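J.: Okay, handing you the structure first.
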Amino acid sequence: MSNKHFAPVNSAPVATKNVANGGWPALWQPLNPPMRQWAGKRVWLVGASSGIGEATASALHAQGAVVMVSARKREALQDFVVRHPGSIALPLDVSDASAVQALTASVLAQGPLDCVVYCAGHYNAMRAFSMDVADMERHLSVNYTGALHVLAAVIPALRAQGHGHISLVGSVAGYRGLPNSLAYGPTKAALVNLAETLYLDLRNQGLGVSLISPGFVQTPLTANNAFDMPALLTPAQAAQAMLQGWARGQFDIHFPKRFTVWIQLLRLLPDRLFFALVRRATL
Ligand SMILES: NC(=O)c1ccc[n+]([C@@H]2O[C@H](COP(=O)([O-])OP(=O)(O)OC[C@H]3O[C@@H](n4cnc5c(N)ncnc54)[C@H](OP(=O)(O)O)[C@@H]3O)[C@@H](O)[C@H]2O)c1
């Protein structure tokens with residue numbers, strides 16, 4: 001089989017490449033350039049009218065970043081700008097590819113983009129015996145295709161700049177199949193794979209790529225969950241965990257660890273054991 005799809009891309013010198021040990025990154029090196037100094041950095045958060053996106057925009061603003069917030073709810077974005085002077089509201093529906101392109105061009109016309117965070121999300125619990133294809137397609141459109149629209153618009157500019165960071169907000173629900181996750185889980189699994197592939201393609205080009213994998217966070221998205229959510233965080237706590245992950249240069253920024261390490265372990269289990277454990281825990 002040809003290995004042309006895995007051939008290294010011709011690119012600029014690699015910050016993480018260690019020629020002395022044959023190109024393997026040292027174990028102690030962070031996977032991404034750590035992001036600790038946010039003062040003056042231009043950050044675009046897509047899906048920031050509420051919840052994790054809004055709290056992260058607020059935390060970054062407190063660190064001195066120039067935050068640009070996008071989502072469909074204009075009033076919520078305007079309200080954010082009033083509470084966070086110097087920030088910029090950029091209303092956007094991520095399902096509109098040409099609107100994403102146009103808005104990205106105007107963002108880039110104002111200056112370089114240091115970080116793009118894709119937080120837009122849609123979630124409804126769904127099981128195999130109540131399948132709603134239209135709603136599944138909406139999950140796909142907001143959670144995945146919208147991210148593709150943003151990536152297609154920003155990657156050429158970030159490559160031309162030679163620096164910048166892309167974060168995709170996935171979910172631990174993307175690690176493996178889970179009950180109620182028929183519509184949501186597959187879109188988040190796609191983001192996990194997408195983030196890994198982006199990392200392989202873009203890290204050597206001087207860009208950072210990270211995957212954000214929250215456990216449960218109290219937001220409008222989870223407000224209708226009819227079960228007790230373990231290790232539930234506030235959006236502000238989620239935002240602090242993200243800042244910590246960026247500061248450490250992590251690739252998969254998952255939190256809270258007291259919950260997500262167990263979900264990480266589920267990834268390693270053989271199918272028979274995985275299915276039995278999840279059935280016992282949830283049915
Ligand atoms: N909460 C959790 O427990 C949890 C756990 C794991 C992962 N996540 C992920 O975290 C991210 C943020 O979710 P959240 O929990 O903070 O929920 P949220 O408060 O409902 O945030 C979702 C954001 O997505 C935006 N959005 C939805 N459709 C959009 C569209 N077509 N175009 C542009 N923006 C759109 C919403 O704004 P508008 O409605 O104004 O457009 C809102 O700002 C999502 O990707 C979610 O899957 C959440």
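Values in this text are rule-based calculations from the coordinates and carry no lab data. Small disclaimer: the values here were computed from a predicted structure and weren't measured. Every residue, glycine as well, gets a Cβ built from its backbone with ideal geometry; the counts of neighbours run over all protein chains shown.
J.: Quick one: which residues, 5+ away or cross-chain, put their amide H under 5 Å from the amide H of F255? H built at 1.01 Å from N.
T.: It is S213, G215, by chain and number.
J.: Still on this structure, please answer the following. Compute log10 of I(q)/I(0) for the range 135-283 with the Debye formula, placing one identical point scatterer on every Cα and leaving out solvent, at q = 0.12 Å⁻¹, to two decimals.
T.: At q = 0.12 Å⁻¹ the computed log10 ratios are -0.55.
J.: Which cross-chain or sequence-distant (5 or more) residues have an amide H under 5 Å from the amide H of M35, H modelled 1.01 Å from N in plane?
T.: Amide H neighbours of M35: A247, R248, G249.
J.: A further question follows. Tell me, what HN-Hα J-couplings in whole Hz come from the Karplus equation 6.51 cos²θ - 1.76 cosθ + 1.60 at θ = phi - 60° for each residue of the range 134-141, using x for Gly and Pro?
T.: So the J values, rounded to whole Hz, are 4, 6, 5, 5, 5, 4, 5, 5.
J.: Based on the Cβ-Cβ distance of A109 and L273, what FRET efficiency does E = 1/(1 + (r/R0)^6) give at R0 = 45 Å, to the nearest 0.05?
T.: Working: r = 53 Å, r/R0 = 1.19.
Given R0 = 45 Å and the Cβ-Cβ separation, E is 0.25.
J.: So, one more: Ordered by residue, what ³J(HN,Hα) values in Hz, to whole numbers, does the range 222-238 give under the Karplus form 6.51 cos²θ - 1.76 cosθ + 1.60, where θ = phi - 60° and Gly and Pro are x?
T.: With the stated coefficients, the range 222-238 comes to 9, 4, 8, 4, 8, 10, 6, 8, x, 6, 5, 10, 7, x, 5, 5, 4 Hz.
J.: Return the sequence-ordered ³J(HN,Hα) values of the range 170-181 in whole Hz as given by the Karplus equation 6.51 cos²θ - 1.76 cosθ + 1.60 applied to θ = phi - 60°, using x for Gly and Pro.
T.: Residue by residue, the range 170-181 yields x, 5, 5, 5, x, 6, 8, x, 9, x, 6, 10 Hz.
J.: Taking 37 °C and 0.692 mPa s as the conditions, I'd like the Stokes-Einstein D for the range 36-282 in µm²/s, using the Kirkwood hydrodynamic radius from alpha carbon pairs.
T.: Details: Rh = 18.4 Å.
The estimated diffusion coefficient comes to 179 µm²/s.
J.: Sticking with this structure for a sec: Give, in nm to one decimal, the length gained when the segment between Q240 and A157 is fully stretched (0.36 nm per residue of separation minus the Cα-Cα distance).
T.: Extending this stretch completely gives an extra 27.1 nm.
J.: Packing-wise, with mean Cβ within 10 Å as the measure, how do 44-54, 68-78 rank, highest first? Each step should come with its number before you reach the end.
T.: Values: 44-54: 26.1, 68-78: 19.0.
Sorting 44-54, 68-78 by mean packing, highest first, produces 44-54, 68-78.
J.: Here is a further query. Antiparallel versus total DSSP beta bridges in the range 36-282: what percent is that, nearest 5? Mind dumping the intermediate values first?
T.: Working: 0 of 26 bridges.
Antiparallel bridges make up about 0 percent of those DSSP assigns within the range 36-282.
J.: Name the residues whose placed amide hydrogens come within less than 5 Å of the amide hydrogen of L182, ignoring near sequence neighbours (fewer than 5 apart) on the same chain.
T.: Those qualifying (amide H under 5 Å, at least 5 residues apart or on another chain) are M126.
J.: If you add up the charges near P270, with Lys and Arg at +1 and Asp and Glu at -1, over every other residue whose beta carbon is less than 15 angstrom from its beta carbon, what do you get?
T.: Details: positive: R176, R267, R272, R279; negative: D271.
It works out to a net charge of +3.
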